[in-house]
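The values are calculated or read from the model by the stated rules, or taken from the named source; none is laboratory data. All figures in this text were calculated on a predicted structure; none of them were measured in a lab. Cβ sites come from the backbone with ideal geometry, for glycine too, and all protein chains shown count toward neighbours. Heavy atoms of the whole protein, side chains included, go into the accessibility calculation; ligands, DNA and RNA do not. Shrake-Rupley method; radii C 1.70, N 1.55, O 1.52, S 1.80 Å.
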Amino acid sequence: GVGTATDDSTADDTDDSTADDSTADDTAAEDDSTDDAADEPVELTASWRGVTEDTIYVGASMLDFALLQELGFSPSGWGDQAGIWDALIDDLNDRGGINGRMVDIISEFYSPLDAADAERVCAILHQDNETFVNLGGFVGPAGSADPCVPGTNNTIMVGGEIGSAEELAQANVAWFHTGPTVEFQTINLFNLLVQTGKADGAKVFTMGGAAAADEESFVIEQLEARDIEVVGSALIEAPDGDTIAQDNEMAVAFERFNASGANTLMVFGTPSAYIRGAGAAGLTGEIAIWSNDSGGLGNLGATIVDKSIADGTLVSTGPTDEEIWNDQAFQDQCVAPVQERMPESDFRNPLEYAPEEDNWFNALRRYCHVLAIFETIATAAGPDLTPETFEAAAYGSAGDDFQIPGIGPASLSPDKRGAQDGVRLSVYDSTSGDGGIVAFTELLDAFE
């Protein structure tokens, strides 16, 4: 890998000196102000914490599936996650690294059920070790630890879940991820519902938990901005861990729902409890249910025994897992490099995995996507790699329009931290595998 990088940098130097002798190339370079620094080779320096003359150190946080299986929360894992990360990084380095620097990865497992454990991993990756970026972030209840990375530790993050404007406000440096932020999941959903006529005649009652309380006013504002009638709202104080208290509160909330004349339930935040409440009230199958949390809808959890009560729930998503798998760029840039380095890996069409089989695809999809975003931006940031040059590159030409393997068109801006551009309405279907989200419309532009 190191030899390859040296050869590539030598070739770049040769190309630059050749360009200096060419009047035509000089003219082309002058036309593009971003190439001014390319006229002479730039010496690589230790430009920032975690960036040395020859190496970029990155930290990767990974879901601890061994723990989830032990606790009975998951029948299977995601394969050899650390091995997948190592293979992806080896491939990147064999391709020359990033602007001549090799990438060195430090990875740690965290419990997605425990924010304190995620904080522990954050400290290991970004305090005990000098790293430039976190790849992966944290998901589930552990997602509350996300601001530990770009906030407490001033470390760029590509991954995690930007759950609210308040969370994002804690970030001192760039924070991006593949899918849309919560705000854009809501915006995309409502735009698509209007485009497809699914919002016609809707009388909406909004409901969510205290953990997502900051979403309530935004959801209502966005509904009213599209002339979708809002007839009531409820905030459930009991946390997800207290099912009995939650169910008692929801019984009262759904009495209010019925009295309001609502025909649609808009759930903000993790949806499982409120779908369970609608089922207990005998409303599932009778009303429309909308959710702004595709991750939560796809993983309803053990408190809903009969997943069919969630059937028909609409959510905004991107490409399906099968579409990602069938994308040639995903096969070439994600699957092939890892299979080559890990012959024991088990990558297949994700629909072919049985519930008890390790789903290697899930890990590869998540890790390859965040690495592709980081590589694109860091490369565009140039040899003087710092949080400032990284952010400037993301909001410059690099973030205007780029491609993520399996996802397709992507873009970033100060207002759009989730890269994915193509979205669609999807629907929960309990008969799909062991229950999941399936496409309801083709991929659309939510802003047309």
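What is the dipole size for the chain, taken about its Cα centre, with +1 at each Lys and Arg Cβ and -1 at each Asp and Glu Cβ, in debye to the nearest 20?
Charge dipole of the chain: 2400 debye, to the nearest 20.
Students often check this: by mean Cβ neighbours within 10 Å, which of 288-295, 307-314 ranks highest, and how do the rest follow? Walk me through the intermediate numbers first.
On the way: 288-295: 23.9, 307-314: 20.0.
Result, highest mean first: 288-295, 307-314.
Taking a probe of 1.4 Å, how large is the accessible area per residue of the chain, in Å²?
Numbers: 19140 Å² over 448 residues.
For the chain, the per-residue accessible area is 43 Å².
Compute the projected area of the convex hull of the Cα atoms of the stretch 269-309, averaged over all viewing directions, and report it in nm² to one decimal place. Could the numbers behind the result be given before it?
Details: hull surface 10.7 nm².
Average projection, Cα convex hull of the stretch 269-309: 2.7 nm².
With angles folded into 0 to 90 degrees, how steeply does helix 182-195 sit against the dominant principal axis of the chain? Use alpha carbons for both and round to 10.
70 degrees
Net charge within 14 Å of Thr45 by Cβ-Cβ distance, Lys/Arg positive one each and Asp/Glu negative one each, not counting Thr45 itself?
Details: positive: Arg49, Arg101; negative: Glu43, Glu53, Asp54, Asp384.
Combined, the nearby Lys, Arg, Asp and Glu give -2.
Could you tell me the convex hull volume per residue, in Å³, taken over the Cα atoms of the stretch 340-448?
For the stretch 340-448, the hull spanned by Cα atoms encloses 141 Å³ per residue.
Report, by chain and number, residues whose modeled amide H sits under 5 Å from the one on Thr313, excluding near sequence neighbours (fewer than 5 apart, same chain).
For Thr313, the qualifying residues are Tyr428.
Taking H placed 1.01 Å from N in the peptide plane, check which residues at least 5 places from Asp114 or on another chain put their amide H under 5 Å from its amide H.
Ala142
Given H placed on each backbone N at 1.01 Å, which residues far from Ala234 in sequence or on other chains put an amide H within less than 5 Å of it?
Close amide H contacts, sequence-distant or interchain: Thr206, Met207, Gly208.
When the expected Rg is taken as 2.2 N^0.38 Å, what fraction or multiple of it is the alpha-carbon Rg of the stretch 229-291?
Details: Rg = 10.8 Å, N = 63, 2.2 N^0.38 = 10.6 Å.
Against the compact-globule rule of thumb, the ratio is 1.02.
Which of rounded, prolate or oblate describes the stretch 66-150 when judged by the alpha-carbon gyration tensor and an a/c cut-off of 1.5? Mind dumping the intermediate values first?
On the way: a/c = 2.89, a/b = 1.45, b/c = 1.99.
Note, shape of the stretch 66-150 comes out oblate.
Which of the peptides 209-220, 365-376 is most tightly packed, and how do the rest follow, judged by the mean count of other Cβ atoms within 10 Å per residue? Before the final figure, lay out each step's value.
Details: 209-220: 17.9, 365-376: 24.1.
Packing order, densest peptide first, comes out as 365-376, 209-220.
Cα centroid distance between the stretch 58-131 and the stretch 172-195, in Å?
Centre-to-centre distance over Cα atoms comes out at 25 Å.
What translational diffusion coefficient, in µm²/s and rounded to a whole number, does the Stokes-Einstein relation yield for the stretch 281-358 at 10 °C and a viscosity of 1.306 mPa s, taking the hydrodynamic radius as the Kirkwood radius over Cα pairs? Write down the numbers at each step before the final one.
Numbers: Rh = 15.5 Å.
Using the Kirkwood radius from Cα pairs, D works out to 102 µm²/s.
At 222 nm, what helix-only mean residue ellipticity would the chain give, in deg cm²/dmol to the nearest 500, using -39500 (n - 2.57) for each DSSP H run of four or more?
Details: 16 runs with 167 residues, N = 448.
Taking each H run of at least 4 residues, the total per residue is -11000 deg cm²/dmol.
Hey, if you drop one equal point scatterer on each alpha-carbon of the stretch 165-316 and run the Debye formula without solvent, what base-10 log of I(q)/I(0) do you get at q = 0.09 Å⁻¹?
Debye intensities relative to I(0), on a log10 scale: -0.27.
Of all DSSP beta bridges located in the chain, what percent are antiparallel, nearest 5?
In the chain, approximately 30 percent of DSSP beta bridges are antiparallel ones.
Please give the peptides 103-113, 406-416, 343-353 ranked by average Cβ packing (other Cβ atoms within 10 Å per residue), highest first, as a rough proxy for protection.
On the way: 103-113: 20.0, 406-416: 17.3, 343-353: 14.1.
The peptides rank, most packed first, as 103-113, 406-416, 343-353.
Over the Cα atoms of the stretch 60-205, what radius of gyration and what Dmax do you get, in Å?
Cα radius of gyration and Dmax of the stretch 60-205 are 18.1, 58 Å respectively.
Translational diffusion coefficient, Stokes-Einstein: compute it for the stretch 284-409 using the Kirkwood radius over C-alpha pairs as Rh, at 4 °C and 1.567 mPa s, and state it as an integer in µm² s⁻¹.
Numbers: Rh = 17.4 Å.
D, rounded to a whole number, is 75 µm²/s.
Quick one: 3J(HN,Hα) in Hz for the stretch 162-167, Karplus 6.51/-1.76/1.60 with θ = phi - 60°, rounded, Gly and Pro as x.
Taking θ as phi minus 60°, the curve returns 6, x, 6, 5, 5, 4 Hz for the stretch 162-167.
How about the chain: what cysteines have no other cysteine beta carbon under 4.7 Å from their own?
Unpaired cysteines in the chain: none, every one has a partner Cβ under 4.7 Å.
May I have the convex hull volume per residue, in Å³, for the Cα set of the chain? Please report the intermediate quantities before stating the final value.
Working: hull volume 63.4 nm³, N = 448.
It is 141 Å³ per residue.
Can you run phi through the Karplus equation (6.51, -1.76, 1.60; θ = phi - 60°) for the stretch 127-140 and list ³J(HN,Hα) in whole Hz, with x for Gly and Pro?
10, 5, 10, 8, 10, 8, 8, 9, 10, x, x, 10, 10, x
Pairing the Cα long axis of helix 81-94 with the longest principal axis of the chain, what angle in degrees results, from 0 to 90 and rounded to the nearest 10?
Computed tilt is about 30 degrees.
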